[in-house]
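The values are calculated or read from the model by the stated rules, or taken from the named source; none is laboratory data. None of the values given here were measured: they were computed from a predicted structure. Here Cβ is always computed from backbone atoms with ideal geometry, including for glycine, and neighbour counts include all displayed protein chains.
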Amino acid sequence: MSDVLSPYMMLALLAGLGVGGGIALLVAALVGWPRKAGRGGQSTGQQLAAFLRRRGAAAVLVGLVVLVLLKWPVAAIAAGLLVMFWSQLFGGLKGEKAALAKVEALATWTESLRDTVAGSAGLEQAIAVSARNSADVLKPHLNRLDDRVRTRMPLPDALDLLADDINDGGADEVIAALKQSAGLRGAGLKQVLTDLAHKARSDVGMRRRIMTSRSPTRRSVQIVTAVIVAIVTGLRVFNPDYTEPYATVQGQLVLAVVFFFFAGSLAWLRRLAKVPEPARFLVRARAGGAR
């Protein structure tokens with residue numbers, strides 16, 4: 001087997017690297033790079049560097065093990081990419097739970113604002129009270145909003161900064177209602193907040209039902225992938241004569257095509273499973289600060 005591979009090892013490695021790069025770009029296009037929400041945000045390069053540091057070592061180690069075990073460069077690259085993008089292809093539960101917690105926190109915050117405003121409290125006072133009783137996912141952002149209001153920053157400007165901190169389309173709807181109320185100082189805020197709270201609560205219920213219905217499908221995809229990997233590995237280790245044609249350059253190219261379409265189907269399935277998030281509309285321009 002090594003005699004068959006040795007004249008074409010470099011060519012097979014280059015082909016495998018090309019296919020691996022194509023799979024990585026396909027996954028990035030369909031699934032997207034992981035993003036971290038934080039104050040000020042991170043650039044795409046910083047997010048990518050952090051992602052590679054977390055997964056790169058494990059991916060290289062698994063790739064080397066597969067290369068030594070199977071002697072297939074394309075399979076080694078595919079195994080490394082599978083480890084690197086495992087959570088993007090088969091995960092998502094953690095992200096769905098985080099999104100659910102944020103929507104539920106927004107609903108609770110909106111209800112707290114509505115109840116405080118209904119007690120004839122001013123908007124600034126309602127913000128301070130709701131910040132103290134908010135969920136952990138929103139508490140740092142609301143505490144900063146309260147600090148800005150206490151330092152005499154105009155309320156619309158402070159709310160603009162809050163929208164940037166939370167970075168969520170659903171939060172933009174609540175903040176837009178607060179901005180309008182802060183500018184007009186008119187009635188009707190209670191009813192608007194009630195409608196937004198009801199909308200957020202219905203969104204929470206929908207997300208819970210979706211998470212429950214997806215659990216069996218997510219588990220089935222993981223089991224099918226594990227079975228395929230186990231069968232291929234078993235055939236290669238225990239019946240090498242049967243898989244000998246794949247040790248050639250042509251066989252490696254065939255495997256590369258198979259892995260490419262398999263990864264593409266997984267990435268497409270993961271994309272279809274995403275819950276569409278409401279688009280943001282309170283977005284400040286980078287240069288002038290206008291919205």
Within region 266-291, residues at pLDDT 70 or above and either touching a strand residue (DSSP E or B) at 6+ places or on another chain (Cβ under 9 Å) or among the charged types (D, E, K, R) (or both) come out as Arg270, Arg271, Lys274, Glu277, Arg280
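Scan region 118-166 for residues that are of a type in the set (Lys, Arg) and under 26 Å from Ala98 (Cα atoms) and jot them down.
Pass one, region 118-166, residues of a type in the set (Lys, Arg): 132, 139, 144, 148, 150, 152.
Matches in region 118-166: Arg132, Lys139, Arg144.
Which residue out of Ala135, Ala171, Ala105 is over 30 Å from Leu67 (Cα atoms), surrounded by fewer than 20 Cβ atoms within 10 Å (Cβ to Cβ) and within 22 Å of the chain's Cα centre (by Cα)?
Values: Ala171 fails: surrounded by fewer than 20 Cβ atoms within 10 Å (Cβ to Cβ); Ala105 fails: surrounded by fewer than 20 Cβ atoms within 10 Å (Cβ to Cβ).
After applying the criteria, what remains is Ala135.
Of these, Asp164, Asp195, which one is of a type in the set (Asp, Glu) and in contact (Cβ under 8 Å) with a residue 60 or more places away in the chain? Let's see the steps before the verdict.
Numbers: Asp195 fails: in contact (Cβ under 8 Å) with a residue 60 or more places away in the chain.
Checking each option against the conditions leaves just Asp164.
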Flag if Leu100 is assigned to a helix (DSSP H, G or I) and under 30 Å from Gly56 (Cα atoms):
yes
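Can you name every residue in region 138-183 that is among the basic types (Lys, Arg) and either in contact with a Phe, Trp or Tyr (Cβ under 6 Å, 6 or more places away or on another chain) or more than 17 Å from Trp109 (Cα to Cα) (or both)?
Hits for region 138-183 are Arg148, Arg150, Arg152.
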For region 135-183, enumerate the residues that are acidic (Asp, Glu) and in a helix (DSSP H, G or I).
Asp146, Asp147, Asp157, Asp160, Asp164, Asp165, Asp172, Glu173
Which residues, taken from region 83-95, are part of a helix (DSSP H, G or I) and either touching a residue at least 60 places away in the same chain (Cβ under 8 Å) or farther than 15 Å from Ala226 by Cβ (or both)?
Met84, Ser87, Gln88, Leu89, Phe90, Leu93, Lys94, Gly95
Flagged pairs (Cβ under 7 angstrom, 6 or more apart or on separate chains; first in region 222-251, under 14 Å from Ala75 (Cα atoms) and in the same structural domain as Ala78 (by TED's automatic domain parsing); second in a helix (DSSP H, G or I) and among the polar types (S, T, N, Q)) are Tyr246/Gln252
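Kindly indicate the residue of region 169-195 that is charged (D, E, K, R) and at negative phi and also modelled with the lowest pLDDT among those meeting that condition. Break it down stepwise before answering.
Applying the first criterion (charged (D, E, K, R)) to region 169-195 yields 172-173, 179, 185, 190, 195.
Add one more test, that the residue is at negative phi, and what stays is 172-173, 179, 190, 195.
Details: Asp172: 85, Glu173: 82, Lys179: 82, Lys190: 78, Asp195: 84.
Per the criteria, the residue is Lys190.
Scan region 151-160 and tell me whether some residue there is small (Gly, Ala, Ser), assigned by TED's automatic domain parsing to the domain that holds Leu196, within 25 Å of the chain's Cα centre (by Cα) and buried (at least 16 other Cβ atoms within 10 Å of the Cβ). Spell out how you get there, then give the answer.
Step one: list which residues in region 151-160 are small (Gly, Ala, Ser), which gives 158.
Pick out the ones that are also assigned by TED's automatic domain parsing to the domain that holds Leu196 and you get 158.
Going one step further and asking which of them are within 25 Å of the chain's Cα centre (by Cα), we end up with none.
There is no residue in region 151-160 that is small (Gly, Ala, Ser), assigned by TED's automatic domain parsing to the domain that holds Leu196, within 25 Å of the chain's Cα centre (by Cα) and buried (at least 16 other Cβ atoms within 10 Å of the Cβ).
Quick one: in region 260-278, of everything that is part of a helix (DSSP H, G or I) and surrounded by 15 or more Cβ atoms within 10 Å (Cβ to Cβ), which residue is nearest to the chain's Cα centre (by Cα)?
Quick first cut of region 260-278, residues part of a helix (DSSP H, G or I) only: 260-272.
Next cut, surrounded by 15 or more Cβ atoms within 10 Å (Cβ to Cβ) only: 260, 262-264, 266-267, 269-270.
Values: Phe260: 22, Phe262: 21, Ala263: 18, Gly264: 18, Leu266: 15, Ala267: 13, Leu269: 15, Arg270: 11 Å.
Checked region 260-278; the qualifying residue nearest to the chain's Cα centre (by Cα) is Arg270.
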Among the residues of region 109-128, write down those that are in contact (Cβ under 8 Å) with a residue 12 or more places away in the chain and either closer than 14 Å to Thr194 by Cα or surrounded by fewer than 17 Cβ atoms within 10 Å (Cβ to Cβ) (or both).
Trp109, Thr110, Glu111, Ser112, Leu113, Arg114, Thr116, Val117, Ala118, Glu124
